[in-house]
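Here the structure comes first, spelled out in structure tokens, and everything after it is commentary.
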Amino acid sequence: RDRAHAALSERNRIARDIHDGLGHYLTTIAVQLEAARTLMPTDPAQAAATIARAERQSREALDEVRRSVRTLRSDAPPPDLRDSLAGLVSESGLAARFHIQGEPRPLPPAAVDALFRTAQEGLTNVRKHAGTKQVRVTLRYEAAGTGLEIEDDGCGSGGSSGGFGLTGLRERLEAIGGRLHAANRPEGGFLLRAEIPSP
């Protein structure tokens, strides 16, 4: 029974990695290529620039595969979270702003991965569902723990905060003692917040 439970947990973890990682990049690439096809008849130069962004995203998807493999190896050092988030935001295709609050400190590999995946999921959901390109990503280092917030000013969730992506994030965070908050903001838009307590 323990062996079956361990195998099921491992399958669920791999499924989360596929959805949260490759799913994010493939969605972005599809959006870029669709935009390029629309632009091609009227603005070939802009279409070419959009295709170039899609090419960069495809290379980043390969990097994502390497990230997942590196995460599987316990002896591999985690990537720098701040640099990873800054790159993710800059390539998101959104009018995104990235802020860091508090004094940065080293985090365990599982925490780095969970926060990075939260940012991926949040930015992907803004592109797909929010109806806005305005989004703010905030990484908070506090005494009680580390948090990440993705806030947009779009149309909200329509009363639903479910989906495989958010379910996977909750499972990933709960496995390391963290938690996920996902809800419409009172002032409009949507908030996705991950919190991981300090050891």
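Figure note: E174, E195 ranked by solvent-accessible area, largest first, 1.4 Å probe, ligands and nucleic acids not counted: E174, E195. For the stretch 90-199, dividing the convex hull volume of the Cα atoms by the residue count gives 101 Å³ per residue. Close amide-amide hydrogen proximity is noted between T146 and I196, S198, each under 5 Å apart and 5 or more residues distant or on a separate chain (H modeled in the peptide plane; Pro and chain starts excluded). Extension gain for the segment T138 to R97, taken as residue separation times 0.36 nm less the Cα-Cα distance, is 13.9 nm to one decimal. Accessible area per residue for the stretch 92-141, computed on protein heavy atoms with a 1.4 Å probe, is 43 Å². Computed from phi, the 3J(HN,Hα) profile of the stretch 85-99 under the Karplus parametrisation 6.51, -1.76, 1.60 (θ = phi - 60°) reads 5, 4, x, 4, 5, 5, 9, 6, x, 10, 7, 9, 10, 10, 10 Hz, with x in place of Gly and Pro.
The values are calculated or read from the model by the stated rules, or taken from the named source; none is laboratory data. Please read all numbers here as calculations on a predicted model, not as lab measurements. Accessible surface is based on the protein model in full, side chains and every heavy atom, while ligands, DNA and RNA are left aside. Shrake-Rupley method; radii C 1.70, N 1.55, O 1.52, S 1.80 Å.
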